[in-house]
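The values are calculated or read from the model by the stated rules, or taken from the named source; none is laboratory data. The model shown is predicted, which means the values in this text are computed figures rather than measured ones. A quick note on method: Cβ atoms are made from the backbone with ideal geometry, for glycine too, and the neighbour counts reach across all protein chains shown.
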Amino acid sequence: MPRKSAAERGLSAAGLARLLARLDPEPERAGAIYEALRRTLVKFFDWRGSWSPEEGADETLDRLSRKLEAGEAVEDPRSYAHGIARLVLLEQWRRPANRATQADEQVLARIPAPDPVDEGALGGCLQRCLAELSPEGRELILEYYTDEGRAKIDNRRRLAEVLGLSETALRSRAQRLRDRLEDCIARCVRRDTKT
């Protein structure tokens, strides 16, 4: 999903300028600190199961800049941003789960579309590629992508506990399996559509 511009998010130039000035008086360093803070916030949201880590990070920084623009006294903008991020994450968890499927849509968008004549190619390729995984890997990836919203987060915590992994290690393992599946499916679809 492309990153929205500041104008699309309703962020004013004055608010952004005030935030950058609070991060560092030198504009170039302020920009680098801003991007580093944004990356940290994206990780914060991702590690906690946010349905859109980038959107959560942007919303956090937007709220922080609006607070500064309104004249609120903020002693440490980075710490304040993390406090805002916790609130934004709670709000995301309370929203309907219909947005939780965006990650799945992004994964499917990266897979080349099968030939329209052979609509079953993608499903067949998925089954073949799942069969190529070890039984443990297949079970992990299928269990990892079960449920939506808060149930998905709880399921992943339970899965990490059952496997004796940290949530970060589980996320890394699932990402590696997903990458293997995506590559396998892309090769399979290309091969099937050529024949």
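When the residues of the stretch 138-195 are filtered to those that are of a type in the set (Val, Ile, Thr) and exposed (fewer than 15 other Cβ atoms within 10 Å of the Cβ), which remaining residue is nearest to Phe45 (Cα to Cα)? That would be Thr168.
Can you work out which of the residues in the stretch 49-64 that are in contact with a helix residue (DSSP H, G or I) (Cβ under 7 Å, 6 or more places away or on another chain) and over 13 Å from His82 (Cα atoms) is surrounded by the fewest Cβ atoms within 10 Å (Cβ to Cβ)? Residue satisfying both the conditions and the ranking: Glu54.
If the condition is being of a type in the set (A, V, I, L, M, F, W, C), in contact with a Leu (Cβ under 8 Å, 6 or more places away or on another chain) and in contact (Cβ under 8 Å) with a residue 40 or more places away in the chain, then the stretch 45-65 contributes Phe45, Leu61, Leu64. The listed residues are Arg86, Arg178, and the only one of them that is at pLDDT 85 or above and in the same structural domain as Asp58 (by TED's automatic domain parsing) turns out to be Arg86.
Only one residue in Leu126, Leu170 is assigned to a helix (DSSP H, G or I), at pLDDT below 85 and within 25 Å of the chain's Cα centre (by Cα), so which one is that? Full working, then the answer.
Numbers: Leu170 fails: at pLDDT below 85.
Selected residue: Leu126, the only one of Leu126, Leu170 that is assigned to a helix (DSSP H, G or I), at pLDDT below 85 and within 25 Å of the chain's Cα centre (by Cα).
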